[in-house]
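The values are calculated or read from the model by the stated rules, or taken from the named source; none is laboratory data. Not measured: the values here are computed from a predicted model. Backbone-built Cβ (ideal geometry, glycine too); neighbour counts: all protein chains shown.
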Amino acid sequence: MSKLTGKALDVEIDKLAEQFKDMASKEPHSMAERFMSVVTFQEPDRLPVFMQIHDHSARVAGITVKEMCTDTKKMLYAQLYTSVKYKFDFVSTFADAYNYEAEALGAKMLFPEDSFPVILEPLIKDASDLKKLKVPDFTKAGRGPYVIGGTKLMMEKLGDLGFAACVASAPWSMAIQIRGFNNLVRDTRKNPEFAHKILDFCVDVIEAFTKAQQEALGGAPAFASLADAFSCIPPTSPQLVYDFVIPHTAEIIKRLGPMMWAGGFPIEKVPNWKQIMEDVVVKTGSLVGMVVMLESDWLPPEEIKEMSQRLQKPWFFGVRAGIISKGTPKEIENYVKKLIKVLAPGGGCAVFGDQVPRDTPPENVQALVDSIKKYGKFPISIE
Amino acid sequence: MSKDPQSKLREAIIGGESDIARKETQVLMKSGVSPIEIIKGMGKAMEAVGKKYEDMEYFVPDLVMSAEAMNEALKLLLPKLGSIGSEFKGKIVMGVCKGDVHDIGKNIVVAMLRGAGFYVVDLGIDVSPQKFIETVNKEKPQIVGASSYISTTIDELRKLNEEMKKAGVRNKVKFLIGGASVYPKHVGDVGADAFANDAIEAVGVAKRLVGG
């Protein structure tokens, strides 16, 4: 456990915030400007640098994962520390994004010392349990105050150089957290009406959680996104994506306005993958399309670029997770260079680090950041 | 012409229909078919499920439902088996490592291994090294299988290997690892003998480990 507490922690946060602002203020564009340029098919000074790096952040900052997931200030400290260390453009303010809603509803949680929290048992064991659940007040329930406070504190410290991201689970992933994977899949087959009722409730909860985060920022611009790894294929089937995932995701996006949905897409080369990718973005109205890969390069970036331009939908391309954790810095550089050459020209696409594992060598993370900065300068000029 | 119970059981497992799988197993048991013959039939059904997954006709939810159907049938059959004889390809003690409660993948692996003719002792989730060691001493398996879903619990696989060494059981078993956060490189890091990327691969690896 970190000895950094109280006043000493406040001092360190302030020091890191100043370092981040000093670094960011010397750049021609802020993270928000780069992000907005990319999603509106314009060319910023360079591609934004952002990644999902939560438990690795705890490791490099010298705190436990439990501390990061339970203490707002320690979480912000770890994220600032990581952003300053690797020179990211973005300071994340969340950790285990899939648990917040279920926990606020009263799910029993386990908080291991050096691992992400886990839900011990599903809240909805039968139909009567759903009736008992009420949309929580996220300013008070569970770790609502931790999430809301973290984003607010980050924006207070960084001002215009901060980039606020309001993150919630998407309906399908939240439904799995409160009902359990097997139970929900069984419901979709045996009692689809009940499965839809659970998902309807999830939409209400996610709306409340996202609005609570947005309201806490007092109208400051914030980017909202829905985390939905559980809805990717093959963890979920294309049929379930079309019948259960897309309709409820479309509903929450309709209620909350433009937001990014990170789900529903294939992470392996499944039949009809291109049509699925197109449908999940178009049918839900997600602001951005997303793709991540694990071990194999089954998806040519040219296909994503073509789809992005044809549909005029921005797309974020996750650098293959396997190469970040296991490749050499040179391999990472070459890989990123190849992606940027295809994806970046003309705007509309960005590359990012997807789920950087805890034990990733720091030199690999640095290689990823440096490569995006080196090759992502506009106009793109890569031989 | 109505189908025979063995075909109905096979279809129930492939279709992930637990209630029908249970019912048809009862019918087969009442008609005098031996539990081991029923399990062999179920194994063929799980092979078909695996093939559909490899062909991307099936996805994880389909595997989960088929595994549930198979496990429902096994609940009726396992108590009737008596001693574990040479009918089985081998014995495996299986569990999710300490600190981790994600068992969807592990459950699929258990069902596929059972379908492939292995006797599997399923220790469930958040299993301590002590529990693994106690069970190894009691059950005398050829393989210990442990999974880690999250990257932060990979250390637990390493600890399990060390604890098995200290307890003098490591050299008596092959150690198979897997899970969403585990990659082939972890075999060396953890000190395991083998890695499987998914349930289908786990069956082939387990067969190889027992020399089958």
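Is it the case that B:Phe132 is aromatic (Phe, Trp, Tyr), part of a strand (DSSP E or B) and more than 17 Å from B:Ile104 (Cα to Cα)?
On the way: aromatic (Phe, Trp, Tyr): yes; part of a strand (DSSP E or B): no; more than 17 Å from B:Ile104 (Cα to Cα): yes.
Taking the combined requirement at face value, the residue does not satisfy it.
Would you mind finding the one in A:Ser308, A:Ser286 that is more than 20 Å from A:Gln355 (Cβ to Cβ) and under 21 Å from the mean Cα position of the chain (by Cα)?
Numbers: A:Ser286 fails: more than 20 Å from A:Gln355 (Cβ to Cβ).
Going through A:Ser308, A:Ser286 in turn, just one is more than 20 Å from A:Gln355 (Cβ to Cβ) and under 21 Å from the mean Cα position of the chain (by Cα): A:Ser308.
What's the number of the condition A:Trp298 fails, among (1) crowded, with 18+ Cβ neighbours inside 10 Å; (2) within 14 Å of another protein chain (Cβ to nearest Cβ)?
(1)
When B:Glu72 is evaluated against the numbered criteria (1) part of a loop (DSSP other than H, G, I, E, B); (2) within 14 Å of another protein chain (Cβ to nearest Cβ); (3) among the charged types (D, E, K, R), which criterion, by number, is the only one it fails?
Exception for B:Glu72: condition (1).
Determine, yes or no, whether B:Gly90 is more than 14 Å from chain A (Cβ to nearest Cβ) and crowded, with 24+ Cβ neighbours inside 10 Å. I'd like the intermediate steps shown before the answer.
Values: more than 14 Å from chain A (Cβ to nearest Cβ): yes; crowded, with 24+ Cβ neighbours inside 10 Å: no.
No.
Checking the structure you have, find out if any residue of region A:75-95 is among the charged types (D, E, K, R), closer than 22 Å to A:Phe352 by Cα, away from chain B (no Cβ under 14 Å) and part of a helix (DSSP H, G or I).
Filtering region A:75-95 for residues among the charged types (D, E, K, R) gives A:85, A:87, A:89.
Restricting the remaining residues to those that are closer than 22 Å to A:Phe352 by Cα gives A:85, A:87, A:89.
Then drop every residue that is not away from chain B (no Cβ under 14 Å), which leaves A:85, A:87, A:89.
Among the residues that remain, those that are also part of a helix (DSSP H, G or I) are: A:85.
Scanning region A:75-95, I find at least one residue that is among the charged types (D, E, K, R), closer than 22 Å to A:Phe352 by Cα, away from chain B (no Cβ under 14 Å) and part of a helix (DSSP H, G or I), so the answer is yes.
Is it the case that B:Asp100 is surrounded by fewer than 23 Cβ atoms within 10 Å (Cβ to Cβ) and either in the same structural domain as B:Leu160 (by TED's automatic domain parsing) or in a helix (DSSP H, G or I) (or both)?
Here the answer is no, as B:Asp100 does not meet what is asked.
Could you check A:Met155 against (1) in a helix (DSSP H, G or I); (2) touching a strand residue (DSSP E or B) at 6+ places or on another chain (Cβ under 6 Å); (3) within 14 Å of chain B (Cβ to nearest Cβ) and say which number it fails?
In the conditions (1) in a helix (DSSP H, G or I); (2) touching a strand residue (DSSP E or B) at 6+ places or on another chain (Cβ under 6 Å); (3) within 14 Å of chain B (Cβ to nearest Cβ), A:Met155 misses (3) alone.
Is it fair to say A:Thr236 is part of a helix (DSSP H, G or I) and of a type outside the set (Phe, Trp, Tyr)?
The answer is no for A:Thr236.
If I ask for residues that are modelled with pLDDT under 90 and within 14 Å of another protein chain (Cβ to nearest Cβ), which ones from region B:36-49 would you list?
Result: no residue meets the conditions.
Assess whether B:Tyr53 counts as being of a type in the set (Ser, Thr, Tyr), within 14 Å of chain A (Cβ to nearest Cβ) and either assigned to a loop (DSSP other than H, G, I, E, B) or farther than 11 Å from B:Ala199 by Cβ (or both).
Values: of a type in the set (Ser, Thr, Tyr): yes; within 14 Å of chain A (Cβ to nearest Cβ): yes; either assigned to a loop (DSSP other than H, G, I, E, B) or farther than 11 Å from B:Ala199 by Cβ (or both): no.
Considered against the rule, which asks whether it is of a type in the set (Ser, Thr, Tyr), within 14 Å of chain A (Cβ to nearest Cβ) and either assigned to a loop (DSSP other than H, G, I, E, B) or farther than 11 Å from B:Ala199 by Cβ (or both), B:Tyr53 comes out as no.
For region A:171-188, how many residues are within 11 Å of chain B (Cβ to nearest Cβ) and surrounded by 24 or more Cβ atoms within 10 Å (Cβ to Cβ)?
3
Which of the residues spanning region B:97-116 are closer than 19 Å to B:Glu54 by Cβ and either touching a residue at least 60 places away in the same chain (Cβ under 8 Å) or away from chain A (no Cβ under 14 Å) (or both)?
Hits for region B:97-116 are B:Gly105, B:Ile108, B:Val109, B:Ala111, B:Met112, B:Leu113, B:Arg114, B:Gly115, B:Ala116.
Looking at region B:56-99, which of its residues are at pLDDT 90 or above, small (Gly, Ala, Ser) and closer than 29 Å to A:Leu184 by Cβ?
Listed by number, the residues that qualify are B:Ser66, B:Ala67, B:Ala69, B:Ala73, B:Gly95.
Considering only region B:5-36, state which residues are in a loop (DSSP other than H, G, I, E, B) and touching a residue at least 40 places away in the same chain (Cβ under 8 Å).
Going through region B:5-36, the residues in a loop (DSSP other than H, G, I, E, B) turn out to be B:16-17, B:31-34.
B:Gly16, B:Glu17 - these are the residues of region B:5-36 that are in a loop (DSSP other than H, G, I, E, B) and touching a residue at least 40 places away in the same chain (Cβ under 8 Å).
Quick one: count up the residues across region A:336-348 that are closer than 13 Å to A:Pro300 by Cβ and of a type outside the set (D, E, K, R). Let's see the steps before the verdict.
Keep residues of region A:336-348 that are closer than 13 Å to A:Pro300 by Cβ, which gives A:338-339, A:341-343.
Filter once more, keeping what is of a type outside the set (D, E, K, R): A:339, A:342-343.
Total meeting the criteria: 3.
Which pairs do you get when a residue that is at the interface with another protein chain (Cβ under 10 Å from one of its Cβ atoms), found in region A:235-255, comes within reach of a residue that is part of a loop (DSSP other than H, G, I, E, B), reach meaning Cβ atoms under 6 angstrom, with the pair 6+ apart or on two chains?
A:Ser237/B:Phe59; A:Val241/A:Gly264
Taking into account only those residues within region A:114-152 that are β-branched (Val, Ile, Thr) and outside any loop (DSSP other than H, G, I, E, B), which is nearest to the other protein chains (Cβ to nearest Cβ)? I'd like the intermediate steps shown before the answer.
Looking only at region A:114-152, we keep the residues that are β-branched (Val, Ile, Thr), and these are A:118-119, A:124, A:135, A:139, A:147-148, A:151.
From the residues that got through so far, the ones that are outside any loop (DSSP other than H, G, I, E, B) too are A:118-119, A:147-148, A:151.
Values: A:Val118: 5, A:Ile119: 8, A:Val147: 20, A:Ile148: 25, A:Thr151: 24 Å.
Restricting to residues being β-branched (Val, Ile, Thr) and outside any loop (DSSP other than H, G, I, E, B), the top hit is A:Val118.
What about A:Ile304, is it surrounded by 20 or more Cβ atoms within 10 Å (Cβ to Cβ), farther than 27 Å from A:Glu193 by Cβ and touching a Gly at 6+ places or on another chain (Cβ under 8 Å)? Before you say what the answer is, go through the steps one by one.
Numbers: surrounded by 20 or more Cβ atoms within 10 Å (Cβ to Cβ): yes; farther than 27 Å from A:Glu193 by Cβ: yes; touching a Gly at 6+ places or on another chain (Cβ under 8 Å): yes.
So A:Ile304 passes the test.
Hey, among the residues in region B:164-179 that are surrounded by fewer than 17 Cβ atoms within 10 Å (Cβ to Cβ) and within 17 Å of B:Lys98 (Cβ to Cβ), which one's farthest from the other protein chains (Cβ to nearest Cβ)?
If we filter region B:164-179 for residues that are surrounded by fewer than 17 Cβ atoms within 10 Å (Cβ to Cβ), which is where we start, we get B:165-168, B:171-172.
Keeping just the survivors that are within 17 Å of B:Lys98 (Cβ to Cβ) gives B:165-167.
Numbers: B:Lys165: 22, B:Lys166: 22, B:Ala167: 24 Å.
For region B:164-179, the residue satisfying everything is B:Ala167.
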